[in-house]
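**Q** Okay, here's the structure, questions in a sec.
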Amino acid sequence: MTDQVEEVSVQANAELQKISSIEELESWRVRYLGRKSKLISVLRSLGDVPIDERRELGARANQVKASLEELYQAHKGKIELSKHESLERDRIDVTLPGQPYQLGRLHLTTRTIREICDIFAGMGFKVVEGPEVEWEYYNFEALNMPAEHPARDGFATLWVDYEAPGGGRPMLMRTHTSPVQIRTMEKEKPPIRVVAPGRVYRYEATDATHEWMFSQVEGLAVDRNITMADLKGTLFEFARRLFGQDRKCRFRCDYFPFVEPGVEIAIDCFMCGGKGCRLCGNSGWIEILGAGMVHPEVLRGCGIDPDEYSGFAFGMGVERIPILRYGIDDIRLFYGNDLRFLKQF
């Protein structure tokens with residue numbers, strides 16, 4: 001029995017060194033110090049041992065029991081201390097300032113579109129939208145550009161492989177937002193005042209000044225007795241609100257198939273004040289949009305009598321506005337998803 005006591009002592013000490021959790025330690029205690037442990041069994045069977053060996057065996061068994069209890073308490077303290085240190089190390093100080101999350105923001109193009117639309121909304125225009133995949137009729141023919149019209153060459157078109165039932169009317173990715181004007185005039189009766197923002201698509205190579213997809217905002221006003229003076233007054237006020245109250249505007253003749261007469265609108269360069277610099281190509285003027293009086297044939301095709309009603313239309317590339325404002329030298333940055341660029345705005 002003395003050998004059993006020594007064996008228990010050695011085995012218990014060896015196992016205790018490998019224990020690292022309170023659960024394992026409790027299991028160890030039950031095995032070596034519990035009521036059914038070998039050590040307790042030895043103490044309970046002392047009455048069967050000869051009297052001359054009983055005292056020595058009992059003393060040794062109690063000594064081992066006391067030693068194991070002491071080791072148990074010491075090891076338990078180490079485990080609890082280690083756990084406390086781990087908790088302290090991982091503790092979160094709620095009084096410290098937190099790590100702020102990066103907030104999302106509107107894309108520069110979206111912000112510019114909203115700013116433009118808000119300006120025209122303040123002048124009585126409403127915002128309308130239309131499909132990006134469009135019928136050829138709305139994109140060209142209804143805008144006074146029938147088949148073989150030379151103006152179509154200026155729109156590098158992305159055609160959609162689609163065959164309508166019965167043939168005819170091919171589809172395409174719209175090359176401008178002007179089809180929205182036609183759809184509006186077909187559905188509504190004058191007076192009409194709308195602006196149409198949206199993406200447009202061109203089949204062309206990309207470089208610093210060209211993209212295959214970009215955004216436009218086009219506007220339309222149709223009513224009785226609308227004249228070129230109304231067009232000039234509206235767009236002059238728009239330029240002042242967008243670029244500053246001291247802006248000057250220049251209107252020069254230009255050609256667009258769906259307006260007659262057509263004009264291009266430029267503002268005096270806000271970098272050099274009209275003296276000439278790199279931004280304005282040393283001309284002192286920066287072109288911002290095209291416009292004109294709605295062609296009578298376009299009105300007639302939408303069921304509006306051009307002898308009773310007249311109107312004006314205009315259109316601009318959205319990305320051109322922040323390019324001019326902030327001196328951005330590459331249009332591809334707008335859709336490159338580079339956060340270093342986007343965070344600046």
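**Q** Among the residues of region 219-240, write down those that are in a strand (DSSP E or B), of a type in the set (A, V, I, L, M) and surrounded by fewer than 21 Cβ atoms within 10 Å (Cβ to Cβ). Don't jump to the end; show me each part of the working.
**A** At the first step, the residues of region 219-240 found to be in a strand (DSSP E or B) are 219-223.
When the remaining residues are screened for being of a type in the set (A, V, I, L, M), the result is 220-222.
The answer is none; no residue qualifies.
**Q** Please indicate, with yes or no, whether at least one residue in region 41-51 is among the small types (Gly, Ala, Ser) and at pLDDT 75 or above.
**A** Taking region 41-51 first, the residues among the small types (Gly, Ala, Ser) are 41, 45, 47.
Now narrow it down to the ones that are at pLDDT 75 or above: none.
There is no residue in region 41-51 that is among the small types (Gly, Ala, Ser) and at pLDDT 75 or above.
**Q** Of the numbered conditions (1) surrounded by 15 or more Cβ atoms within 10 Å (Cβ to Cβ); (2) out of contact with any Asp or Glu (no Cβ under 6 Å at 6 or more places or on another chain); (3) modelled with pLDDT of 95 or more; (4) not hydroxyl-bearing (Ser, Thr, Tyr), His295 fails exactly one; give the number of that condition.
**A** Checking His295 against (1) surrounded by 15 or more Cβ atoms within 10 Å (Cβ to Cβ); (2) out of contact with any Asp or Glu (no Cβ under 6 Å at 6 or more places or on another chain); (3) modelled with pLDDT of 95 or more; (4) not hydroxyl-bearing (Ser, Thr, Tyr), the one that fails is (2).
**Q** Kindly indicate whether any position in region 53-60 is modelled with pLDDT of 75 or more and charged (D, E, K, R).
**A** Step one: of region 53-60, the residues modelled with pLDDT of 75 or more are none.
No, region 53-60 contains no residue that is modelled with pLDDT of 75 or more and charged (D, E, K, R).
**Q** Mind counting the residues in region 252-269 that are in a loop (DSSP other than H, G, I, E, B) and surrounded by 18 or more Cβ atoms within 10 Å (Cβ to Cβ)?
**A** Taking region 252-269 as the starting set, the residues that turn out to be in a loop (DSSP other than H, G, I, E, B) are 255-258, 269.
Cutting the leftovers down to surrounded by 18 or more Cβ atoms within 10 Å (Cβ to Cβ) gives us 256-258, 269.
The total comes to 4.
**Q** Then there is this: Quick one: which of Gly311, Gly290, Gly327 is on the phi < 0 side of the Ramachandran plot, under 32 Å from the mean Cα position of the chain (by Cα) and in the same structural domain as Ser178 (by TED's automatic domain parsing)? Working first, answer last.
**A** On the way: Gly311 fails: under 32 Å from the mean Cα position of the chain (by Cα); Gly327 fails: on the phi < 0 side of the Ramachandran plot.
Matching residue, one of Gly311, Gly290, Gly327: Gly290.
**Q** Next question. So is Ala221 touching a helix residue (DSSP H, G or I) at 6+ places or on another chain (Cβ under 8 Å) and at pLDDT 95 or above or not?
**A** yes
**Q** Please enumerate the residues belonging to region 193-240 that are at positive phi and within 33 Å of the chain's Cα centre (by Cα).
**A** Within region 193-240, Gly198 is the sole residue that qualifies.
**Q** Which of the residues that make up region 93-126 are surrounded by 10 or more Cβ atoms within 10 Å (Cβ to Cβ) and more than 13 Å from Glu319 (Cα to Cα)? Walk me through it before giving the result.
**A** In the first step, residues of region 93-126 are kept if they are surrounded by 10 or more Cβ atoms within 10 Å (Cβ to Cβ); the result is 105-126.
Selection gives Arg105, Leu106, Cys117, Asp118, Ile119, Phe120, Ala121, Gly122, Met123, Gly124, Phe125, Lys126.
**Q** Something else: If you scan region 184-211, which residues turn out to be loosely packed, with under 15 Cβ neighbours inside 10 Å and under 30 Å from Arg332 (Cβ atoms)?
**A** Scanning region 184-211 gives Arg199, Tyr203, Glu204, Ala205, Thr206, Asp207, Ala208, Thr209, His210.
**Q** Also, quick follow-up: Taking the conditions exactly as written (within 32 Å of the chain's Cα centre (by Cα) and assigned by TED's automatic domain parsing to the domain that holds Glu319), does Val160 satisfy them or not? Walk me through it before giving the result.
**A** On the way: within 32 Å of the chain's Cα centre (by Cα): yes; assigned by TED's automatic domain parsing to the domain that holds Glu319: yes.
So Val160 passes the test.
The values are calculated or read from the model by the stated rules, or taken from the named source; none is laboratory data. Bear in mind the structure is a predicted one, so any value in this text is a computation, not a measurement. Note that each Cβ is placed from the backbone with ideal geometry, even for glycine, and that neighbours are counted across all protein chains shown.
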